[in-house]
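As structure tokens, the structure follows; a few thoughts come after it.
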Amino acid sequence: MFGKKKNTAPICDERLSHIAFIMDGNGRWATSKGLPRSSGHAAGAKAFKNIVECCSRIGLRHMTVYAFSTENWSRPKEEVDRIMKLLSDYLDEAERMLDKYDLRIVFLGDKAPFERGLRKRMLEIEEKSSKGKKILNIAMNYGSKSEIVHAVNSALAEGKKTITEEDIDKNLYTKLSPPPDLIIRSAGEMRLSNFLLWQAAYSEFYFTDTLWPDFDEKELYKAIECFYKRKRRYGGLG
Ligand code: FPP
């Protein structure tokens, strides 16, 4: 799955169809350079776009990014507004590249709290990209515990009396994607922070100290190389 030369691009085979990213460390990146936190998010957005491009190039079929959690609303308004603006700018850019990357953009989370214009753009892009074959899940106003509660309530609303794992699977926001094979978290923290708790049951984890704005193609390949060395046994003997 890797070229002969070191650091050449891997190709995603049947073992790797979904990578999820916790894009952490934007604030620390900015602070370390004496810049405002919002500059860290702008640099983080740039890194995100580059990684979407790389993942598409190497044939990854599903990608999920944790862009904004339900808890992130408690940040200063200026910082929240900056992230919303970056998302809105990205949607304009992505719209022009949907065909090039064969992307289908899906938002994970409740869209109700977003400002009307942004909410409309999010719905538009989901609709316009709905034929794309490579899924990009963007978690915005996302929290995994509330996603699970939402899935259970949806199953109950369908008239289910007893809830099965399958009922939950098919009512999760991520229902278009298989569970992540690999979850990558940047910036040194080793926790899930309310991200994909259900879906991560058998995911492999990769943690790096690299701050998200510095997370590049080489870092991605390193994580994938590490993933391919793992033996996944799903609780069996393998
Ligand atoms: C975590 O870093 C990052 C976020 C809460 C926001 C992530 C947003 C982006 C990468 C840019 C916008 C996204 C899109 C989809 C265009 P942090 O701020 O918690 O960093 P810190 O832990 O160093 O303070």
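The values are calculated or read from the model by the stated rules, or taken from the named source; none is laboratory data. Since this is a predicted model, take the numbers as computed values, not measurements. Heads up, the Cβs are rebuilt from the backbone with ideal geometry, glycines too, and the neighbour counts pull from every protein chain shown.
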Next item on the list: Please indicate, with yes or no, whether at least one residue in the stretch 60-74 is modelled with pLDDT of 95 or more and assigned to a loop (DSSP other than H, G, I, E, B).
Entry: yes
Item checked: Matching residues, the stretch 212-236, being within 16 Å of the ligand (Cβ to nearest atom) and either within 15 Å of A20 (Cβ to Cβ) or in a helix (DSSP H, G or I) (or both) -> W212, P213, D214, F215, E219, L220
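Tell me yes or no: at least one residue of the stretch 195-204 is within 16 Å of the ligand (Cβ to nearest atom), touching a residue at least 24 places away in the same chain (Cβ under 8 Å) and assigned to a strand (DSSP E or B).
Let us first name the residues in the stretch 195-204 that are within 16 Å of the ligand (Cβ to nearest atom), namely 195-196.
Among the residues that remain, those that are also touching a residue at least 24 places away in the same chain (Cβ under 8 Å) are: 195-196.
Cutting the leftovers down to assigned to a strand (DSSP E or B) gives us none.
No, because not a single residue in the stretch 195-204 is within 16 Å of the ligand (Cβ to nearest atom), touching a residue at least 24 places away in the same chain (Cβ under 8 Å) and assigned to a strand (DSSP E or B).
Report, by residue number, each residue of the stretch 63-82 that is under 21 Å from I184 (Cα atoms) and in contact with a helix residue (DSSP H, G or I) (Cβ under 8 Å, 6 or more places away or on another chain).
M63, V65, A67, F68, T70, N72, listed by residue number.
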Margin query: So in the stretch 99-152, with the set limited to residues that are under 22 Å from L196 (Cβ atoms) and of a type in the set (S, T, Y), which one is surrounded by the fewest Cβ atoms within 10 Å (Cβ to Cβ)?
Written below: S146
Next item on the list: Looking at (1) surrounded by 16 or more Cβ atoms within 10 Å (Cβ to Cβ); (2) over 30 Å from V149 (Cβ atoms), find the lone condition where W212 falls short.
Entry: (2)
Check: Does the stretch 194-204 hold any residues that are surrounded by 16 or more Cβ atoms within 10 Å (Cβ to Cβ) and closer than 16 Å to F227 by Cα, and which are they?
Finding: A200, S203, E204
Checklist line | Subset tally (residues that are away from the ligand (no atom under 12 Å from the Cβ), buried (at least 18 other Cβ atoms within 10 Å of the Cβ) and among the small types (G, A, S)) for the stretch 34-66 | finding: 1
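Residues that are farther than 18 Å from S203 by Cα: which strands (runs of 3 or more DSSP E) entirely in the stretch 100-185 hold 3 or more of them?
Values: elements: 103-108, 134-142, 182-185.
Strands (runs of 3 or more DSSP E) meeting the threshold: 103-108, 134-142.
Can you find, within the stretch 21-33, the residue that is farthest from the ligand (Cβ to nearest atom) among those that are in a helix (DSSP H, G or I) and surrounded by fewer than 18 Cβ atoms within 10 Å (Cβ to Cβ)?
Residues of the stretch 21-33 that are in a helix (DSSP H, G or I), as a first pass: 26-32.
Filter once more, keeping what is surrounded by fewer than 18 Cβ atoms within 10 Å (Cβ to Cβ): 28, 31-32.
Working: R28: 3, T31: 7, S32: 9 Å.
Going through the qualifying residues, I end up with S32.
On the given criteria, is L87 part of a helix (DSSP H, G or I), touching a Lys or Arg at 6+ places or on another chain (Cβ under 7 Å) and surrounded by 15 or more Cβ atoms within 10 Å (Cβ to Cβ)? It would help to see each step written out before you state the result.
Details: part of a helix (DSSP H, G or I): yes; touching a Lys or Arg at 6+ places or on another chain (Cβ under 7 Å): no; surrounded by 15 or more Cβ atoms within 10 Å (Cβ to Cβ): yes.
The answer is no for L87.
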Item checked: In the stretch 67-83, residue surrounded by the most Cβ atoms within 10 Å (Cβ to Cβ) [restricted to those that are within 9 Å of the ligand (Cβ to nearest atom) and aliphatic (A, V, I, L, M)] -> A67
